[in-house]
Every structure is written in structure tokens, then in C-alpha cells.
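Down below is the structure, laid out as C-alpha cells.
The values are calculated or read from the model by the stated rules, or taken from the named source; none is laboratory data. Please read these numbers as outputs of a predicted model, since none were measured by experiment. Cβ: placed from backbone, ideal geometry, glycine included. Neighbour counts: every protein chain shown. For accessibility, only protein heavy atoms count, side chains too; no ligands or nucleic acids. Shrake-Rupley method; radii C 1.70, N 1.55, O 1.52, S 1.80 Å.
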Amino acid sequence: MTLDWLLERHLLTLHAFVVAFALVVYVGIARALPQRRDPSAAVAWVVGLALLPYIALPLYVMFGSRKLQMRESIAPPTLPLAPDAQAEAASRWSRRLARSMGLADAAPYERLAIHADGPAAHAALLDTIDSARETLDVCTFILARDPLGDEIAARLEAKARAGVRVRLLMDGIGAWLGGRIDRRGLRSAGVEVVTFVPPFRAILRGRANLRNHRKMTVADNARLWCGGRNLACEYFEGKRGKAPWHDLSFDLAGPLVAVATERFEMDWAYATRRTRRHADDRTASAATALPRAPLWPTTTIDDASLPRAQLVPSGPDQVDDTVQVLLLSGAYRASRRILAVTPYFIPDGSLAQALALAARRGVAVDLVLPARSNHPLADFARHRPLRDLAAAGVRIWLVPHMVHAKAVVVDDELALVGSANLDARSLFLNYELMVAFYDPADVRRFAGWIDGERLGAARYAAIEPGLARDLAEGLLLWLAYQL
């Protein structure tokens, strides 16, 4: 029995202990905070922890969380509806589905303006900010240090000096991507500035990879500006010498804005680690409590003539993958048309299969993408699902400009518009915010905007990959959650 043999035996025992410890950590966290992972993702983590525990375990602790809590099923209250709205409500499968996932029911809205382009969106945003008299809440992924971002910051400062309570919520990563804004100047003017999950503070809690991608501006709980645009020049009127990106945003008024306000309050409470004070729960701990379910708006008979829309938040604070569930259900229920626009298309297998099956049973499925986005890796990885969809009969349109819009239209029944891309990160990791519109006339308006983007587009032509490319695409798809 040599010293080398004893040392080797000791190292093997130590390695086996580390592997066992890593797997116990994985099982323990999964039991304490069920993550509802895709089976392939779960297998990848287990294999990584078994083969490379010294690398995979720290990565899992830092980035492995996908859901923050698993609340009990919420049964939303039955809201009063006008008699002539009963039949319509019964036919809204998406409304019922969203309610079953604990989301607030559809609420009335009015004065919907779909912004035709960046200048229109810019003017509407400034008008929304200028209209605030008491409160102004802004949630964004990026507020850039560029002419547009500086203009928005100046408007927020002016409102705060005028006595309006102004709150700015920025994502912890997005705050760096756009350049460091003048926080001191904003705060000295009276603007409350909060970073959502600063990445370096969240690493040990496993939440550094969970980013807030939601985008909305709410004035006086009366007007909502929302969509896919970050607050930077390229999303509106472009940078010097560069064309603006094509993006989709909208603004509206009405009772739906109260639901958006409630969502902002929950995100603000979580980011500031404070618990909102509800009449039914005044003793929750601010140090440990997560945001509660929304305060349900009450629909009255007087609102019956207004169209309705539903706020659809998704992300770690939701039990279900709400946007993914609505997309899957929409693909299976569509009878005539599915129309989608997104800058990054890396769907999971279930969504890709649902779109392919819809096309095979005769539904016209049109997918609008930029020929080249600002993320080359995402462009590279999308070809495998695009080849499969094209073979199934999906019409894929590649536009010559950068399109950053995120919207899906199903027949004339549903337009899902907001911040979520059709990729794994948006659908399974990020905090996202979509609005589901149900009024047929407004659904057709959104469809018209997407159809307008197809002008000048080229049809996607699938090319079989070589071995090297096929392996590279597979590797990138395996890592798609990080793209």
C-alpha cells in the first residue's frame, strides 16, 4: 500500500463527496423552491453537477434559480359584468386561462394609441410624462446616457421639482448597459431611483440571472405608456448616422392603468425589500416577503361598452410561465391566422412544435424577424428551429432593418404585445410584461402594424447545415437560456 495509492484513494473519496454534496444541494433547492424546469435543462444541470461539480455548483448557486416562490393557486373573484357581456366573457379562452394562473381579469381601457414609429412613440412618452400631476412611475430595462435618455431624465427631474412623486425603477444589468446615468442629479431633484436586483448583490442568492425586462410609464394612475422600447436613441429616432430600430409601443387610459400601477407597486416593493401594506395582511415581514397577488380591479356596468385588455406579467414572480402558456394555447386554438414579430427567435421545443402543427393543419403562420439583429449568437442559433418551421409551412419573413417589436396575434381574438421576446430567456427567466388585447378592432390594428413591417421583407430559405454548424447550433441552443 503505497503513499501514491493512499493519496489517489483519498482524492477519489473527496471527489465523490463533492459530487454527492452538489447533487444534494440541487435536490434540496429544487424541493425548497420548485423551479418547473424544462426536462432538458434539469438533465443538463444534473450532468454538469456530476461531471464538473467544482464549476457547475458555484454556477448553479449563482444562476440556477428560475422561480422565486410557489404560491397556492389563486382563485380570482368573480367580477360583475353587464348582461350582454356574459356570452362574450364565456368565449374568451385566454381570459379564463390567465385568470386560472392568478392574473387579474381583463379591465376596460380607452384611447388606445398604437405608435406608428419612433417619433410618434417619443411624443407620446413625453406627453405621458408631462401629464403627471401627482405621481409618475417609470420602469425600464435601459435608460441610456444619450440625448434621448438625458431628455427623459431632465423631464423626470422637472416633474419631481414641481412636486410630483417620481419613481424610476431600472434593472441592475440594464443600468450598466446604457451607460451610468446621473443618479445623484436625479435624486437631488427628488426622483426616487431604485435598481432592480443589483447583480453583484444577488449572486449568492442565485438571482443574478433574473433580469427585469418590463417597460412601462404610468402617470397619475390614469395613463399607461408601454411596449418593447428601452429609453435610448436607437429605439426611437436613431443615433447619428444610424437608422432607428423599428419597435412597437402604445399608450392608453382607463381602468386597466390601475392594474399596471399595482404591478409597478409590487416590483417596487420587491426591489426596495419593503412589503406593501394590504388591509388583509399588515404583519408580513418586509425582509422576507415577496410581492403579493394583485389587488383586483372592479369592473362596473358603466365600463361595459369599453374594450378590455389583460395585463400579463411573467417571470420568477409568477408560478406559471404565463406568456409561454398563452402562446401555446393560442397556437393550438388558432383557426385562421397566427402573426408574430420578434427580434430574437429561439423557442423551446413545445412552442416550436405548436407553431409547426398549426401550420400543418392549415393555419396561416407568419413570423417576422430582422435579417440581422444586434445579437449575432441569437441569429446563429435560430436557424435550427427556423428550418423545422419552414418545412412545416410556416412563412418566415426577414426584414432588412432591425426590428425590436414583440407581438403575437391569434386570429381576431388576441393580440399579445409588450416586452417578451420569443426566446428562452424572455419566456422562462426574465421578468416580462405583456398586454393581451381582446377587442377585434384593436387586434386587427396591431396585426396591421406587423403586416406593415413585412413590406420589403425576403422569405427565409432554409439551407441544410454541415456537421460543424449543426454541432455549433446544438451547443448554442443548449445554452439558449443565457443568450
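Using a probe of 1.4 Å, the accessible surface attributed to THR13 totals some 90 Å² when neighbouring protein chains are kept in position. Between ALA162 and ILE55, full extension at 0.36 nm per residue minus the direct alpha carbon distance yields a gain of 33.3 nm.
Can you give the FRET efficiency to the nearest 0.05 for ARG459 and ALA116, using r as the Cβ-Cβ distance and R₀ = 30 Å? Spell out each step's value before the answer.
Values: r = 25 Å, r/R0 = 0.84.
Efficiency, rounded to the nearest 0.05: 0.75.
Annotation for LEU471 and ARG187: the two label points, set 7 Å from Cα along the Cα-Cβ direction, are 5.1 nm apart. Peptides 395-407, 169-181 ranked from most to least packed by the mean count of surrounding Cβ atoms within 10 Å: 395-407, 169-181. Computed over protein heavy atoms with a 1.4 Å probe, the carbon and sulfur contribution to the accessible area of the stretch 368-429 reaches 56%. Over the stretch 298-413, the hull volume per residue, using the convex hull of the C-alpha atoms, is 139 Å³.
Give me the extension gain from ARG445 to LYS242: residue separation times 0.36 nm, minus the current Cα-Cα distance, reported in nm with one decimal. List each step's numbers first, then the result.
Details: separation 203, 0.36 × 203 = 73.08 nm, distance 2.83 nm.
Roughly 70.2 nm would be gained on extension.
Here's how it looks for LEU414: its modeled amide H is under 5 Å from none belonging to a residue 5 or more places away or on a different chain. For PHE141, the solvent-accessible surface with a 1.4 Å probe is about 30 Å², rounded to the nearest 10. Here the scattering of the stretch 412-483 is modelled by Debye summation over its C-alpha atoms, one equal scatterer each and no solvent; at q = 0.18, 0.26 Å⁻¹ the log10 of I(q)/I(0) is -0.94, -1.06.
If one puts a single equal scatterer on every Cα of the stretch 345-453 and applies the Debye formula without solvent, what log₁₀ I(q)/I(0) results at q = 0.16 Å⁻¹? Calculated log10 I(q)/I(0) at the listed q: -0.77. The slack between ARG336 and ASN374, meaning 0.36 nm per residue of separation minus the straight C-alpha distance, is 10.5 nm. Peptides 130-139, 414-423, 113-122, ordered by how many other C-beta atoms sit within 10 Å of their residues on average, highest first, read 414-423, 130-139, 113-122.
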